[in-house]
């Protein structure tokens, strides 16, 4: 693609072009007189295909950084020069590899395929703006996204998945279904509408059931706390670039990016005996993180969100059993929400971390034993742990085969030390507890976004914010429709009434767009019979039945789920 772009737009400066999960992208600084739009993608594709048909071999040569810098500087490729200089400074490289195909040569680690002809199908999908190195103070580049496959059939299947993903996009469905809205006045901070708030409460209720079942205590801690707390917890040294700060008088405060320091203050507020352990403290805590505006993405990447957080304080010998219990809770929740394909990763110590080598080794071994004791398959993810401890991450696969990281279980020996937490053992000695950070779903907002796309907004009956809508045939049936809705609400059904002066046909079409599990039409015949004409999305026309019978049906479907 870079070869085609440079060929079509002489003077283009080439930046970086990595593979990504759904294909690849390349960032370019086009000449000032070039006005590249989505309409130009087909032209670039055609040039790419010409090079594919030429079956140009990829030829590698290794040169000194100085020679590579001289080569790219002579071409005016400033971004390549900067990349090489950084490789020398950060990695101390003595050689860099350049790859050539046809007349085009690029900086790349490689390895490459044998030749361009191995790729049979390419597609460029979109353009986007991207700052060089992700730095908003640097040059804005044009990012070209694309994908490639070994056959046209594979490409067609991929493009079909993309179309399905667009139809399921939660950013489109959210406002359409009255779930949430996003506003420029608060970037990355969603406004939850009535239906969306109901959805959040339904999700939260499932987590609450797990808390009750497993003996958790629930707390609430402040959103805003003195900055000294974040020095003590380690967030100041390891996380402050992602935090928001404010001042009042001479004191500096921070909006919490995580809930764990507040939980530590609660635990440390009184003495504890070994008989109380494990002590499980849960909090649906709202946190704020200073994400760059360019990476915000609907509900999936936000600045303000709520975590279904909990912190378990236990003795070292209790860790394996507690981690096993947390994993069981996550399994039960994901099954409830309809996720059957769950992948697990064990992430180990990152470069930026706190705590001793001994603590990290002990924590990583405990998580490994917990996973292996369950007979659970997992993938090792070296260097991706939290700064305070290793973690187990749970990834769910949605209806389109996309993987999402949700739940997490993190083992922490450092924070109890930093907050001087202790409990009294059977010999009346003071011991340091181990702290387990865990979230069953992760961000509630993000999980809601995943659910919207997984179900394409058409939730199962038990999870639907509105389970039924009553559609009066004409205005004179509105009073009866209201009485039906009141009866259904009394029976526990979440129901709305469309009382607009529109034709019943239009109401039915709009109800389809609203993705209600049940549509209840009421006219003269239904009012005389004291019934509703029921239309199920899953089963079609069900005929007339009393409202009480429909309510029983809804309850039954919700209980069986």
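Considering 336, 275, the condition of being in the same structural domain as residue 224 (by TED's automatic domain parsing) and under 24 Å from residue 420 (Cβ atoms) is satisfied by 275 alone.
Being surrounded by fewer than 17 Cβ atoms within 10 Å (Cβ to Cβ), at negative phi, free of Cβ contacts under 8 Å to residues at least 12 places away in the same chain and out of contact with any strand residue (DSSP E or B) (no Cβ under 8 Å at 6 or more places or on another chain) is a condition met by at least one residue of the stretch 200-207. May I ask you to verify whether residue 272 is in contact with a strand residue (DSSP E or B) (Cβ under 6 Å, 6 or more places away or on another chain) and more than 28 Å from residue 337 (Cβ to Cβ)? Against the criterion (in contact with a strand residue (DSSP E or B) (Cβ under 6 Å, 6 or more places away or on another chain) and more than 28 Å from residue 337 (Cβ to Cβ)), residue 272 qualifies. Looking across the stretch 299-333 at every residue that is farther than 23 Å from residue 210 by Cβ and either surrounded by fewer than 21 Cβ atoms within 10 Å (Cβ to Cβ) or outside the structural domain of residue 417 (by TED's automatic domain parsing) (or both), the one that is farthest from the chain's Cα centre (by Cα) is identified as 317. Residues that are in contact with a strand residue (DSSP E or B) (Cβ under 7 Å, 6 or more places away or on another chain) and outside any helix (DSSP H, G or I) within the stretch 144-187 comprise 144, 145, 146, 147, 148, 149, 151, 180, 181, 183, listed in sequence order. Could you please find all residues in the stretch 10-19 being surrounded by fewer than 16 Cβ atoms within 10 Å (Cβ to Cβ) and either over 28 Å from residue 165 (Cβ atoms) or in contact (Cβ under 8 Å) with a residue 24 or more places away in the chain (or both)? Across the stretch 10-19, the qualifying residues are 10, 11.
Within the stretch 281-295, at least one residue is in contact with a helix residue (DSSP H, G or I) (Cβ under 9 Å, 6 or more places away or on another chain), closer than 22 Å to residue 417 by Cβ, in the same structural domain as residue 389 (by TED's automatic domain parsing) and crowded, with 19+ Cβ neighbours inside 10 Å. Under 28 Å from residue 559 (Cα atoms) and buried (at least 20 other Cβ atoms within 10 Å of the Cβ), is that true of residue 468? Yes; evaluated as a whole, the condition is true for this residue.
Does any residue of the stretch 328-335 turn out to be touching a residue at least 40 places away in the same chain (Cβ under 8 Å), under 21 Å from residue 219 (Cα atoms) and not in a strand (DSSP E or B)? Within the stretch 328-335 (the criterion being touching a residue at least 40 places away in the same chain (Cβ under 8 Å), under 21 Å from residue 219 (Cα atoms) and not in a strand (DSSP E or B)), the answer is yes, since at least one residue qualifies.
The lone criterion from (1) part of a strand (DSSP E or B); (2) farther than 30 Å from residue 391 by Cα left unmet by residue 439 is number (2). Applying the selection to the stretch 495-530, what residues are free of Cβ contacts under 8 Å to residues at least 60 places away in the same chain, closer than 22 Å to residue 174 by Cβ and assigned to a helix (DSSP H, G or I)? Selection gives 509, 510, 511, 512.
The values are calculated or read from the model by the stated rules, or taken from the named source; none is laboratory data. Being a predicted model, the structure only gives us computed values, none of them experimental. Glycine gets a Cβ as well: all are built from the backbone with ideal geometry, and neighbour counts include every protein chain shown.
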